[in-house]
1. Kindly state which strands (runs of 3 or more DSSP E) lie completely within region 2-97 and contain at least 3 residues that are among the polar types (S, T, N, Q) and over 22 Å from Leu152 (Cα atoms).
2. Could you list, in sequence order, the residues of region 51-93 that are within 22 Å of Val6 (Cα to Cα) and among the acidic types (Asp, Glu)?
3. What residue, among those in region 54-95 that are more than 22 Å from Met128 (Cα to Cα) and not charged (D, E, K, R), is surrounded by the most Cβ atoms within 10 Å (Cβ to Cβ)?
4. Looking at (1) crowded, with 16+ Cβ neighbours inside 10 Å; (2) closer than 20 Å to Ala37 by Cα; (3) in contact (Cβ under 8 Å) with a residue 24 or more places away in the chain, can you tell me which one Arg106 breaks?
5. For residues in region 98-145 being assigned to a strand (DSSP E or B) and small (Gly, Ala, Ser), which is farthest from Asp73 (Cα to Cα)?
6. Anything in region 31-46 that is touching a strand residue (DSSP E or B) at 6+ places or on another chain (Cβ under 7 Å) and not hydrophobic (A, V, I, L, M, F, W, C)? List them, or say none.
7. Restricting to region 124-140, name every residue that is farther than 21 Å from Thr107 by Cβ, touching a residue at least 24 places away in the same chain (Cβ under 8 Å) and hydrophobic (A, V, I, L, M, F, W, C).
8. For region 19-48, what are the residues that are polar (S, T, N, Q) and crowded, with 18+ Cβ neighbours inside 10 Å?
Amino acid sequence: MSLQHVVRSTVIDAPIERVWAVLRDFNSHDRWHGAIAESRIEGDERSDQVGCVRSFALKDGNRIREQLLTLSDSDHRSTYCIVEATVPLERYVATVTLKPVTDGNRTFWHWESTFATPPGQERALRDMVSQGVYEAGFADLRRYLSGGGDRLDSGDRPMPSALPMASRRIATAAPRRCRQKTARLRRRAKAKCASASAPSA
């Protein structure tokens, strides 16, 4: 297996509160992403509950189950992993992060992931994630918001509201591989912060 790292980013012409209201709903993607045929949250859990699992079908016939690992309303960030899939993506962990763009009240959207691929399929799967999922998702959400799709949806089924706590993190529900990957990402982030704050000679 070859480890891949995909990073994509864009600017959405909408306030961060509006973009986050859509993305924090872990089961909203079948309403705005063109690759998703249908999606549901297993076990009747809330779609913004850390630990919930979404099971969805792609329009090409593949099926994927993903678990929400972290969700922070204060940081506008969520992390999730693939639990099971008919596409050969192993140890897939992705993070979505939003930042406000004050010039024009827009939103910077950063989407990245790491995953392992079988030998010989590295480029095809990397392109599928970067272009078919991330870049297509950017364009689809941009169209969804510009057409007022989020406001139309809120009329027949309310978007989940933010819970009182600023950040919720999974404790034991995630698969062990996903928890280990998330822990490694956090350790790297702490190390970068420590080196940046250390006094220079």
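Bear in mind these aren't lab numbers, they're just calculated from the coordinates by the rules spelled out. It should be emphasised that the depicted structure is a prediction, and the values quoted were computed from it without experimental measurement. Cβ sites come from the backbone with ideal geometry, for glycine too, and all protein chains shown count toward neighbours.
1. Values: elements: 2-12, 36-41, 53-58, 63-72, 77-85.
By residue number, 2-12, 63-72.
2. Asp60, Glu66, Asp75, Glu84, Glu90
3. Residues of region 54-95 more than 22 Å from Met128 (Cα to Cα): 69-77.
Narrowing further to those that are not charged (D, E, K, R): 69-72, 74, 76.
Numbers: Leu69: 23, Thr70: 18, Leu71: 25, Ser72: 17, Ser74: 9, His76: 21.
It comes out as Leu71.
4. Among (1) crowded, with 16+ Cβ neighbours inside 10 Å; (2) closer than 20 Å to Ala37 by Cα; (3) in contact (Cβ under 8 Å) with a residue 24 or more places away in the chain, the lone unmet condition for Arg106 is (2).
5. Here is the first cut: in region 98-145, the residues assigned to a strand (DSSP E or B) are 98-101, 106-117.
Narrowing the set further to residues that are small (Gly, Ala, Ser) leaves 113, 116.
Details: Ser113: 20, Ala116: 29 Å.
Taking the candidates together, the pick is Ala116.
6. Step one: filter region 31-46 for residues touching a strand residue (DSSP E or B) at 6+ places or on another chain (Cβ under 7 Å), giving 35-42.
Once the filter is applied, which keeps residues that are touching a strand residue (DSSP E or B) at 6+ places or on another chain (Cβ under 7 Å) and not hydrophobic (A, V, I, L, M, F, W, C), region 31-46 yields Glu38, Ser39, Arg40, Glu42.
7. Passing the criteria: Leu125, Met128, Val129.
8. Filtering region 19-48 down to residues polar (S, T, N, Q) leaves 27-28, 39, 47.
Answer for region 19-48, where residues must be polar (S, T, N, Q) and crowded, with 18+ Cβ neighbours inside 10 Å: Asn27, Ser28, Ser39.
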